[in-house]
Amino acid sequence: MSEKKPYYITTAIAYASGKPHIGNTYEAILADAIARFKRYQGYDVFFQTGTDEHGQKNEIKAFEAEQTPKEFVDATAGEIRRIWDRVNTSYDKFIRTTDADHELQIQKIFRKMYEKGDIYKGSYEGLYCTPCESFWTESQLKDGCCPDCGRPVKKAQEEAYFFRMSKYADRLIDYINTHPEFIQPESRKNEMMNNFLLPGLQDLCVSRTSFKWGIPVDFDSKHVVYVWLDALSNYITGIGYDADGNSTEQFGKFWPADLHLIGKDIIRFHTIYWPIFLMSLDLPLPKQVFGHPWLLQGGDKMSKSKGNVIYADDLVDLFGVDAVRYFVLHEMPFDNDGVITWELVTERTNSDLANTLGNLVNRTISMSNKYFGGVVKRTGATEAVDEDLKAVVTSTGARVAAKMDNLRVADALTEIFALFKRCNKYIDETTPWALAKDESKQDRLSEVLYNLTESIVIGVSLLESFLPETAAKIAKQLNTTLRACEETGTFGLLADGTKVTETPEILFARLDWKEIEPKVAEIRTAQKAEFEEEQARVAAVYAKHGLTPQGTPAAAAEPKKETNATENATPVAETAETAGAETELVLKPEISYDDFAKLQFAVGEILSCEEVPKSKKLLCSQVKVGNRVLQIVSGIKQYYSAAEMPGKKVMVLVNLKPAKLAGIVSEGMLLCAEDAEGNLALMKPEKDMPAGSEIL
């Protein structure tokens, strides 16, 4: 037997600043499907993922959490790994940039580049984006903000080490031109060439002195290594690279990487900075970098402050692991952003998983039990329609492999479900229920059910890389093993006399959105309350240290008190999210006048108010609106006490569908204004107006 061909695939390592949402988790699921399919094809796969943990942003986050940076990233990295495990990713290594062996190699790499003359010492003055850990020039900004994340930047100046990017720029341009497969999709390559490489590269800042949470430069201890040199190098340190020339056998086997799978927002770092770093180290470049699109919530980027975040574990709790995997893998286009909403996941679960796949398996097993006691057997009673079914089934594997070779994972899934749809059509064409009524057609009926069972086995074998739990369940119900990759092109390998399970398990129950919607409302309410609690806690931390979130002394503040938990933090750093006094208004999609006319607003008078038991955020108010009294639950307890609410005249959305919040029915919404720091204020009429006055 020949030795398996190695295949090395990586995700971008997730920045350990908080819990990843489904848009972040999608990348891990996508990489897992590719890794599983490569294993299925017979490759010796090494799949690496992990967390990026250093940098100023995490230093600030640790201060806000009243922890040391290491304590903070230990917790967040653990949460990221938990979610990766929850969605059934089969990684071979989960690397952390705080791993001791990684940190040692980063110091060696930095020294090696310095001694080679590729890194030199200087000073830097520019515009800095804290979340992206990036310096920019004025000309690179977009509308005065960071071109990557759109947040405000601030002026910064410090001593720093720089990498001579221009030394390798021409060599990289030539490599990209001669290796068209290197950057995918094609649109990403054009963007990198036209916007960055061809205009000319500036030398890159690769160290910082304004914060301490990073890997120290071992020959200049006041500097820490710039986050991208640290983070990107995980792809080689994780498999045993040694800058002194003593790399492991594993490194020799798997490098260069076959695929770096990353989000489109960090394509520049992976196709310009990373290849140049590798050239400096005299290492071959990765074979391919694929910048996948974003998964948007209803067409918008996910943000806690917008209240539109969807987390993988919440989805899994409602729909199951494989339903979530199916949705994100099937619904993401190759090079355009995809859209996820709770409603869309419900619809896709019903249409594809419950109807097309689940119903097919259930009908086939049920008919086998009803007509033949569960025994599946060939009889040779074939008809012309069988050949078309077999042709579709036996050619699906090759089509799926071709799609996967081009990283068109959604299209590969479509091919597999086309097989299942063809099976459902075959049932309609052969009408087993009619055959069962004719004693002379029993051999034909047996052949039809064998063909269906064999087709399902082949289809599910191809499906395993994408929905592993579902594939295993179906194989168990059919009392068979999944087919090897090279066997999916052959029809008829299912043993005669195979006996399927007597009672088929419901793989995917049909869902009713009316039952799902209240659960989603509860999730959103809990997330909003959690976000508000976090904002309040962070504000309290800054206040305790006599600071504002912008890092300036608070009025009449008490002297700052240092604690052991924050001695390595940077409490006075201004974050890009909080910089600036003005609130940015993010416009939602336009609506028509007819849409607006559906909303009914009125003046309400609060008759009474009480705290919601066991809730830190919710108040429950009885609000008079005309001749009606509405019960309204609001997350405003941080800003208003229950005692001060009665008698207030407020603006109310009165025709909002009732929903349960913390187990209490809420029949409307109190309108509030929110500033950039999350502070709320009830909206009140300018003049005293009677309760029930309509707001036009």
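Sort ASP230, ASP218, ASP174 so that the residue with the fewest other Cβ atoms within 10 Å of its own Cβ comes first and the one with the most comes last.
Ordered from fewest to most neighbouring Cβ atoms within 10 Å, ASP230, ASP218, ASP174 come out as ASP174, ASP218, ASP230.
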Inset, instruction - Determine the relative contact order of the chain: mean sequence separation of Cα pairs under 8 Å and six or more apart, normalised by residue count, in whole percent. - result: 12
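Work out the length of the dipole vector of the stretch 620-696 about its Cα centre, built from +1 on the beta-carbon of each Lys and Arg and -1 on the beta-carbon of each Asp and Glu, and round it to the nearest 20 debye.
Details: 9 positive and 8 negative charges, 72 e Å.
So the dipole magnitude of the stretch 620-696 works out to roughly 340 debye.
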Inset, instruction - Run the dipole for the stretch 282-395 about the Cα centre, Lys and Arg Cβ at +1, Asp and Glu Cβ at -1, nothing else charged, and hand back the magnitude in debye, nearest 20. - result: 360
Legend entry - Dipole of the chain, positive direction: furthest Cα of ALA14, GLN105, ALA526, with charges on the beta-carbon: ALA526
Inset, instruction - Among PHE596, VAL225, LEU285, flag the residue with its Cα farthest along the positive direction of the charge dipole of the chain, charges on Cβ as +1 for Lys/Arg and -1 for Asp/Glu. - result: PHE596
Inset, instruction - Pairs of Cα atoms under 8 Å, at least six residues apart: use those to get the relative contact order of the stretch 590-695, whole percent. - result: 31
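Quick one: order CYS145, CYS620 by neighbouring beta-carbon count within 10 Å, fewest to most. Could you put the intermediate results ahead of the total?
On the way: CYS145 18, CYS620 22.
Taking fewest neighbouring Cβ atoms as first place, the list is CYS145, CYS620.
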Legend entry - Length released on extending from ASP220 to LEU607, taking residue separation times 0.36 nm less the Cα-Cα span: 132.7 nm
Inset, instruction - Just need the Rg to Rh number for the stretch 429-553, please, alpha carbons only, Kirkwood Rh. - result: 1.38
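For the stretch 590-695, what ratio Rg/Rh do Cα atoms give with a Kirkwood hydrodynamic radius?
Working: Rg = 13.7 Å, Rh = 14.2 Å.
Rg/Rh: 0.96.
How high is the relative contact order of the stretch 227-304, given as a whole-number percent (alpha carbon pairs under 8 Å, six or more residues apart)?
On the way: 73 pairs, mean separation 23.8, N = 78.
For the stretch 227-304, the relative contact order is 31 percent.
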Inset, instruction - Find how many whole Å separate the alpha carbon centroid of the stretch 104-173 from the alpha carbon centroid of the stretch 425-443. - result: 70
Inset, instruction - Could you point to the residue in LEU172, THR209, ILE236 farthest towards the positive end of the stretch 152-237's charge dipole, with +1 and -1 charges on the Cβ of Lys/Arg and Asp/Glu respectively? - result: THR209
Legend entry - HN-Hα J in Hz across the stretch 341-348 - Karplus 6.51, -1.76, 1.60, θ = phi - 60°, x for Gly and Pro: 9, 4, 5, 5, 5, 4, 4, 5
Inset, instruction - For the stretch 307-347 and the stretch 20-35, write down the distance between their C-alpha centroids in whole Å. - result: 11
Inset, instruction - Starting with the fewest neighbours, write out TRP294, TRP228, TRP513 ranked by other beta-carbon atoms found within 10 Å of each beta-carbon. - result: TRP513, TRP294, TRP228
Inset, instruction - Treating the Cα atoms of the stretch 341-499 as identical point scatterers in vacuum, please give the log10 of the normalised Debye intensity I(q)/I(0) at q = 0.15, 0.17, 0.19, 0.20 Å⁻¹, two decimals. - result: -0.78, -0.99, -1.21, -1.33
Inset, instruction - Any chance you could get the radius of gyration and Dmax over the Cα atoms of the stretch 138-208, in Å? - result: 14.7, 39
Inset, instruction - With +1 on each Lys and Arg Cβ and -1 on each Asp and Glu Cβ, and nothing else charged, work out how big the dipole of the chain is about its Cα centre, in Debye to the nearest 20. - result: 720
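Since every read-out is calculated from the coordinates, none of them should be taken as a lab result. Worth saying up front: this structure is predicted, and the values here are computed from it rather than measured. Cβ coordinates were reconstructed from backbone atoms using ideal geometry, including for glycine residues, and neighbour counts include every protein chain displayed.
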